[in-house]
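Below you'll find the structure, written out as structure tokens, and then a few comments.
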Amino acid sequence: MKLLTFKLQNREYLGALTDTGIFNLSTAVSEDPAFSSMQNFIEAGQPALDRAYQLITPESTTIPSAQVQWLSPLPQPAQIRDCLGFEIHLKNCFESAIKLSAMNAEDPVIAEQELRASGRFAVPDVWYQQPLYYKANRFSVAQTGKEISWPDYSNIMDFELELACVIGKKGRDIDKTRADDHIFGYTIYNDFSARDAQMLETPGMLGPAKGKDFDDSIILGPVIVTKDELTDPYNLRMQARVNGETWCDSNSNTIYWTFSDMIAHISSSETIYPGEVIGSGTVGLGCGLEHLRFLNDGDVVELEIENIGVISNKVIRR
């Protein structure tokens, strides 16, 4: 099932996207609080999903998708953790960092050679030993279609194309072989990034802060596809376009650390809860940094993942 959160006549509803439009689950089961929001629905578990399937029939009345305001499917996740699951992305970013660092040197060619020899820009051993992640700002989530204000302190804006899983079941010390049981579904994740702020923060060794945490910096959507419908998340075409030009055309099958790996690691001595979002990390060539190209005022970023949909946002310098 493809689930969404939408607004109609100033009220928010839980809906299911069908071939004919949006089925309003909240009004169909108005007496059941499980259908009042995405978070409540996720927490209610399999019985709520089973009932939702029973409610939707070929004769069900639906709303045209263009007549509602689409919100983030999970407007305020319980937690957001963004992992670094794609080796290709990491290697490409280190390569770009070398070129950027050498760009203003007296002899850029020699400077590049010295930087490569230094080993500072090699993938660290720990990345191959365990999934790495940071905790993102769950209050910074926005929806497809919203104009994103460029943060005042940044001159270099970027996007990142990611797949994300949504946790559906509470757990702790989860074995990798059982980790998929804790996944509710999948969505698209755009991790807008202020690269200049991020580069300033990185030497501080505490992870991203203002480089990632600004209003509307995380786009989720357009729907959450439940795990029973999207049975193989590791064979999905992933595309990024800026103003209609393709910057990335890759596949989730290039991932190194799977969501099962991530969940097993994250839940070690730590409880995870329904409604948490875990980002896959950026797919290879899925951000401007890897291309040494960045966003301009008014650019429209479209991210598409097969069987999930498209999210689209314009960035604006106020």
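Please go through (1) within 27 Å of R138 (Cβ to Cβ); (2) without any contact (Cβ under 8 Å) to a residue 24 or more places away in the chain for V301 and return the number of the only condition it doesn't satisfy. The one condition V301 does not meet is (2).
Quick one: would you say G21 is among the small types (G, A, S), at pLDDT 95 or above, buried (at least 21 other Cβ atoms within 10 Å of the Cβ) and in contact with a strand residue (DSSP E or B) (Cβ under 7 Å, 6 or more places away or on another chain)? So G21 does not fit the description; no.
Only one of (1) among the β-branched types (V, I, T); (2) in contact with a helix residue (DSSP H, G or I) (Cβ under 8 Å, 6 or more places away or on another chain); (3) surrounded by fewer than 17 Cβ atoms within 10 Å (Cβ to Cβ); (4) modelled with pLDDT of 95 or more fails for V123. Which number is that? V123 satisfies all of (1) among the β-branched types (V, I, T); (2) in contact with a helix residue (DSSP H, G or I) (Cβ under 8 Å, 6 or more places away or on another chain); (3) surrounded by fewer than 17 Cβ atoms within 10 Å (Cβ to Cβ); (4) modelled with pLDDT of 95 or more except (4).
Restricting to segment 29-39, and then to whatever is surrounded by 19 or more Cβ atoms within 10 Å (Cβ to Cβ) and closer than 21 Å to Q67 by Cβ, can you tell me which residue is nearest to the chain's Cα centre (by Cα)? In this case the residue turns out to be M38. Any residue in segment 139-151 that is in a helix (DSSP H, G or I), modelled with pLDDT of 95 or more and not β-branched (V, I, T)? Yes, segment 139-151 has at least one match.
Only residues that are of a type in the set (A, V, I, L, M) and touching a residue at least 60 places away in the same chain (Cβ under 8 Å): list them for segment 132-171, please.
A136, V141, A142, I148, I156, M157, L161, L163, A164, V166, I167 - these are the residues of segment 132-171 that are of a type in the set (A, V, I, L, M) and touching a residue at least 60 places away in the same chain (Cβ under 8 Å).
Residues in segment 58-111 that are in contact (Cβ under 8 Å) with a residue 40 or more places away in the chain, farther than 30 Å from N40 by Cβ and assigned to a loop (DSSP other than H, G, I, E, B): L84, F86. The set of residues in segment 216-257 that are touching a residue at least 60 places away in the same chain (Cβ under 8 Å), under 19 Å from G275 (Cα atoms) and out of contact with any Ser or Thr (no Cβ under 8 Å at 6 or more places or on another chain) comprises T226, D228, E229, L230. Highlighted here are the strands (runs of 3 or more DSSP E) found entirely within segment 253-318 that include at least 1 residues which are surrounded by fewer than 21 Cβ atoms within 10 Å (Cβ to Cβ) and of a type in the set (V, I, T): 300-305, 309-316.
The values are calculated or read from the model by the stated rules, or taken from the named source; none is laboratory data. Bear in mind the structure is a predicted one, so any value in this text is a computation, not a measurement. With ideal geometry, Cβ positions are generated from the backbone for all residues, glycine too; neighbour counts draw on all protein chains shown.
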